[in-house]
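Worksheet: the structure to be examined is printed underneath.
The values are calculated or read from the model by the stated rules, or taken from the named source; none is laboratory data. This is a predicted model, so every value here is computed, not measured. Cβ placement follows ideal geometry from the backbone for every residue including glycine, while neighbour counts extend to all protein chains displayed.
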Amino acid sequence: MSFSTLGLSQSLLKAIKETGYTKPTPIQAQAIPLIIQKRDVLAAAQTGTGKTAGFTLPLLERLSQSKPNMNKYQIRALVLTPTRELAAQVHESVKTYGKHLPYRSAVIYGGVGINPQLATIRKGVDIVIATPGRLLDIAGKKGIDFSKLECLILDEADRMLDMGFIHDIKRLIKMMPSERQTLLFSATFSPEIKKLASGLLKEPAVVEVARENSTGEQISQVVHYVDKHRKRELLTQLIKTKKWEQVLVFTRTKHGANRLSKQLEESGIKAAAIHGNKSQGARTKALASFKAKEIRVLVATDIAARGLDIDQLPHVVNFELPNVPEDYVHRIGRTGRAGNVGEAVSLVCIDELDLLANIEKLIKKEIKKVDIPAFAPDPNIKAEPIQKGRSQKPKRDQHKSGSRSNRSEKKEKSESKEGRRGNSRNRKSNKNNRGNRS
């Protein structure tokens with residue numbers, strides 16, 4: 001099958017060709033014709049399967065059936081995403097595939113000034129890609145008009161639920177016309193997602209191209225057992241001896257990401273950290289440097305577990321296992337994308353054996369264990385339980401003056417302290433992510 005058989009216009013086919021893609025992925029082949037037909041779609045696709053193009057291409061095709069929007073404040077299509085990074089990447093996809101079309105788009109998220117975003121929408125745009133908190137701010141200032149909205153897309157919907165966005169989403173939907181096309185994309189069809197979909201979608205076409213909570217067959221997974229205090233030493237050796245040139249490393253906490261990044265730099269390995277306490281400018285710069293291979297290692301918290309789109313990323317390392325086993329799937333999904341091969345390495349200490357068992361239970365697969373004799377764990381070291389953090393409900397980002405979008409700085413500092421006290425083995429660990437709710 002080729003893109004030319006999916007009902008896309010010549011302008012879009014030309015843009016696709018210029019990107020170098022020749023064949024649609026399974027999610028694209030199934031979803032694109034349905035979306036062009038203006039069907040509601042509920043889609044589950046493993047991360048890295050090309051789902052962003054799976055909805056941006058038919059969305060642009062749909063918009064091309066009428067003239068560009070020239071009305072102030074009105075928008076025709078809205079894409080909601082859980083994180084700033086994902087919003088920026090969806091926007092890049094819209095610009096890449098829509099380069100030969102006259103439609104205007106804008107990306108809206110917190111962590112940056114709101115006035116330029118208000119000014120952009122005031123001029124009239126066709127497509128807005130946004131995080132829920134900042135979009136609610138703009139709606140509260142009457143800076144956007146949903147009355148002519150034709151299509152709503154929820155991307156990474158399961159992640160938005162995990163991060164506590166459900167109430168924001170419901171408030172936004174109440175402002176939208178009921179007669180619209182709605183698309184819901186999720187990594188899995190969890191009971192929560194099915195419940196959300198039942199209230200939003202009308203007789204949706206269901207598209208599923210991967211087994212729930214599966215890990216890609218093109219990703220080789222390996223575990224190295226090592227004592228906690230020697231993890232950094234082992235990571236440094238792996239990077240140097242195996243000559244890894246581009247490695248995404250995950251830690252549990254922001255403090256741990258900063259510390260590891262600094263230690264790698266001191267070992268002569270160029271590295272940078274990315275997490276919710278970093279300014280949007282710093283995060284964007286670090287990600288750009290990593291993509292350009294100006295730095296070898298990007299150390300991230302789970303804020304980056306979804307949404308990061310790095311072409312042919314060869315290596316992902318779990319410096320610390322996540323408390324929530326589903327996050328393991330999303331972390332390692334940064335490699336082995338769109339048919340490329342990748343390697344996922346987990347450095348596991350005695351404290352994390354239960355976390356590893358939960359991950360293997362989830363993915364229904366035993367991960368290969370490889371001993372490195374020089375780093376064999378000390379049998380005299382006993383396990384220390386990973387302590388549970390205090391329960392805390394998601395809080396919305398907010399300016400000091402009362403706006404939602406920038407409470408993040410204050411909240412992230414609080415969460416960083418919480419992370420240093422210890423991490424819960426359940427979904428309370430998602431506090432690391434909520435600082436990104438802009």
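Checking each residue in region 155-164 for being in contact with a Phe, Trp or Tyr (Cβ under 7 Å, 6 or more places away or on another chain) and either surrounded by fewer than 23 Cβ atoms within 10 Å (Cβ to Cβ) or assigned to a strand (DSSP E or B) (or both) picks out no residue at all.
For region 76-92, filtered to residues that are in a helix (DSSP H, G or I) and charged (D, E, K, R), the residue that is farthest from VAL128 (Cα to Cα) is GLU85. I'd like to check something: does region 130-143 contain any residue that is under 28 Å from ARG39 (Cβ atoms), surrounded by fewer than 24 Cβ atoms within 10 Å (Cβ to Cβ) and touching a strand residue (DSSP E or B) at 6+ places or on another chain (Cβ under 7 Å)? No, every residue in region 130-143 fails to be under 28 Å from ARG39 (Cβ atoms), surrounded by fewer than 24 Cβ atoms within 10 Å (Cβ to Cβ) and touching a strand residue (DSSP E or B) at 6+ places or on another chain (Cβ under 7 Å). If you go through region 93-135 and pick out every residue that is part of a helix (DSSP H, G or I) and in contact (Cβ under 8 Å) with a residue 40 or more places away in the chain, you end up with 9. If you go through region 326-347 and keep only what is of a type outside the set (Lys, Arg) and either without any contact (Cβ under 8 Å) to a residue 12 or more places away in the chain or closer than 13 Å to PHE250 by Cβ (or both), you end up with ASP327, TYR328, VAL329, HIS330, ILE332, GLY333, THR335, ALA344, VAL345, SER346, LEU347. Between LYS368, LYS364, LYS270, LYS285, the distinction of being at pLDDT 85 or above, within 13 Å of GLN246 (Cβ to Cβ) and not acidic (Asp, Glu) belongs to LYS270 only.
Results for (1) in the same structural domain as ILE169 (by TED's automatic domain parsing); (2) touching a Ser or Thr at 6+ places or on another chain (Cβ under 9 Å); (3) within 22 Å of GLU203 (Cα to Cα); (4) modelled with pLDDT of 90 or more, shown as yes or no for each residue.
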residue	(1), (2), (3), (4)
LYS17	yes, no, no, yes
VAL41	yes, yes, yes, yes
GLY50	yes, yes, no, no
VAL94	yes, yes, no, yes
TYR103	yes, yes, no, yes
ILE108	yes, yes, no, yes
GLY111	yes, yes, no, no
